[in-house]
Structure formats: C-alpha cells, structure tokens
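Novice: What follows is a structure written as structure tokens; I'll ask about it next.
Every number here is computed from the coordinates shown, using simple stated rules; none is lab data. Since the structure is predicted, the reported quantities are computational estimates derived from the model, not experimental observations. Methodologically, a virtual Cβ is constructed for each residue, glycine included, from the backbone with ideal geometry; neighbour enumeration extends over all protein chains shown.
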Amino acid sequence: MKAQVLSLTGQVDHEIDLPAVFDEPYRPDLIKRAVLAIQSRRRQPHGSYVYAGITASAVSWGSGRGVAQIPRLKNSSRAAKVPQTRGGRPAHPPKVAKILVKYINKKEKRKALISAIAATINEKLVRSRGHQFEGTLPFVLDNQFEDLEKTKDVIEVLKAVGVYADVLRAEDSRKVRAGRGKMRGRRYKQRKSLLIVTGDAPLKAARNISGVDVASASSLNVEMLAPGTQSARLTIYTENAITMLGGVR
C-alpha cells in the first residue's frame with residue numbers, strides 16, 4: 001500500500017510504501033479490552049473505614065419488651081451497628097481490597113495495538129468517529145515537521161494539510177462537566193482531536209493545541225489511538241514514524 005508524503009505547505013512531495021502493520025484486520029473487541037486494561041491501572045482504590053458503624057457500645061435489650069432485638073445505644077433506644085437500622089453500618093460498602101486491575105494477555109495487547117494503528121487509515125471509521133478533515137488518509141508529513149518549534153507554525157501546517165477543522169471542533173466542544181466532578185479538579189470536558197505521531201521524540205510545539213495529543217512512534221499505546229475505547233482516531237504521521245512502525249509486529 002502506498003501513501004503520499006506531504007510537505008509543510010500541503011503539497012504532495014513523494015510516495016512511500018506503508019509497512020505491513022497497516023494491513024491488519026480491525027478488531028474492536030481487542031482494542032476495547034486493551035484500553036480498559038490501561039485505564040484500570042489508574043483507578044484509585046477507595047472504601048469505607050473498616051470499623052465504620054460498629055464501634056458503638058450498643059447491645060440488645062433482649063426479649064420481653066415488645067421491640068426488635070437489635071443493638072441499641074446505652075441509655076437510649078436508638079439502634080446501632082446493624083445495617084437494617086437508621087444509623088447502622090452500610091450493608092455492602094466499597095472495600096479497598098477489591099481488585100480493580102483488568103488484565104490482558106501480551107499477545108492480545110500487541111494485536112490490539114496493531115489493529116488500532118491500522119484503523120487510523122480507514123476513512124469510513126475515522127469519519128464515523130466524528131472527525132472533520134479534507135483529503136485522503138493516511139496523512140504523512142515530511143520529516144521537517146518534527147523540527148517546528150512554535151505552535152503557530154504547527155497550526156499553519158495543519159491548516160495547509162486540511163485537518164485544522166477538527167481542532168476547531170474539539171475547541172468548541174469544551175463545556176463544564178455536569179455533577180460533583182466539577183469541584184474535584186476535572187471541571188471541563190472536551191472532545192479529542194487528532195493525534196500527532198513523530199519519530200524519536202513527541203512534537204512539543206503541538207502540545208498546547210486544543211484536543212491534540214502528541215506521541216513518538218515508540219511510545220504509542222492503544223488508549224492514545226482509541227480514546228474512550230473508540231478506535232480510528234484521526235492521526236498524522238511523519239515519515240520517520242512510518243519507518244519506525246515498520247518494526248512493529
């Protein structure tokens with residue numbers, strides 16, 4: 001399979017052969033499992049205090065009083081300890097001992113990564129994810145793109161290539177999160193835009209663009225290519241990145 005290499009002005013410079021990794025079949029089931037496995041390792045264990053609700057010195061009144069034989073506080077009729085009463089312990093509280101990490105086999109994880117890479121050149125899948133762009137996939141840029149040091153220069157290249165409309169789509173999607181999370185350090189929600197994959201080091205000049213993520217070819221993982229378990233993310237590669245992806249098996 002051939003791919004056109006674009007210059008920084010958006011013109012076709014030359015063609016290259018895509019590596020075999022882009023011919024892999026689409027496996028959304030494996031991609032979803034791999035993304036959930038990555039996300040599960042970031043979950044923070046939480047649970048109630050082990051002795052919550054059971055530290056009270058409560059005892060039952062016993063039989064013969066015409067009331068339920070449940071533990072009650074001393075010098076009071078208020079119930080305690082048992083979960084079926086008001087003020088008692090929770091019946092089935094969250095426990096920190098619960099296993100939150102999900103596992104996936106190494107070969108399945110590798111297969112998911114390859115499948116997610118191949119999905120980035122499927123135009124039907126990419127457009128179904130909501131991305132907006134002009135031209136044909138894949139977008140492969142000349143290696144000079146990796147040398148850009150200013151964000152405004154990166155934006156000019158994205159406009160010339162025809163993918164900046166997707167950046168504006170992500171920028172306009174920013175909104176205040178509904179619910180309690182807005183007070184816990186995650187006030188805003190925003191859609192993901194394109195992913196820029198370079199050769200040895202991520203492109204620092206593009207890190208501050210709305211919805212854009214940057215990565216090197218060696219640091220790619222399934223979650224970057226399929227955020228939210230939804231694969232076929234709009235991706236821009238450099239020629240060096242395509243060469244390095246040729247070693248992925």
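Novice: Two decimals is fine: what is log10 I(q)/I(0) at q = 0.18, 0.24 Å⁻¹ for region 1-110, from a Debye sum with one equal scatterer on every Cα and no solvent?
Specialist: -0.96, -1.20
Novice: Suppose R0 equals 41 Å; then what is the FRET efficiency for Lys74 and Leu36 from their Cβ-Cβ distance, rounded to the nearest 0.05?
Specialist: 0.25
Novice: Next question, about the same structure. Normalising by the residue count of the chain, find the relative contact order in percent from Cα pairs under 8 Å and 6+ residues apart.
Specialist: With pairs under 8 Å counted, the relative contact order is 24 percent.
Novice: Report the rotationally averaged projected area of region 46-94 based on its alpha-carbon convex hull, in square nanometres.
Specialist: Over every viewing direction, the Cα hull of region 46-94 projects on average to 3.6 nm².
Novice: Separate question: Where in region 86-114 is the amide nitrogen less than 17 Å from a point lying 7 Å along the Cα-to-Cβ axis of Arg43?
Specialist: Of the residues in region 86-114, 93-105 have backbone N under 17 Å from the label point off Arg43.
Novice: Given a cut-off of under 8 Å on Cα pairs at least six residues apart, what relative contact order in percent is computed for region 46-94?
Specialist: 34 percent
Novice: Could I ask something else about it? Using alpha-carbon positions, what is the distance between the centroids of region 26-40 and region 177-249, in Å?
Specialist: Value for the Cα centre distance between the two parts: 16 Å.
Novice: Need one number: nm distance between label points at Arg180 and Val248, each 7 Å from Cα along Cα→Cβ, rounded to one decimal.
Specialist: Taking the simple label geometry, Arg180 and Val248 are separated by 3.9 nm.
Novice: Do any of Lys150/Lys192; Lys95/Lys189; Lys32/Lys189 go past 26 Å between their Cα atoms, and which?
Specialist: Long pairs (Cα-Cα over 26 Å): Lys95/Lys189.
Novice: Another one. Could you give the radius of gyration (one decimal) and Dmax (whole number) of the Cα atoms in the chain, in Å?
Specialist: Over the chain's Cα set, Rg and Dmax evaluate to 26.8, 95 Å.
Novice: Can you tell me the length gained on complete extension of the stretch Arg110 to Glu24, counting 0.36 nm per residue apart and subtracting the Cα distance?
Specialist: Extra length available between Arg110 and Glu24 comes to 29.8 nm.
Novice: Here's something else I'd like to know. Once you put a point 7 Å from the Cα of Ser210 and another 7 Å from the Cα of Asp153, both along the Cβ direction, what distance in nm separates them?
Specialist: 2.5 nm
Novice: Pull up all non-local amide H partners of Ala58: gap of 5 or more, or a different chain, and H-to-H distance under 5 Å with H placed in the peptide plane.
Specialist: Those lying under 5 Å, H to H, from Ala58: there are none.
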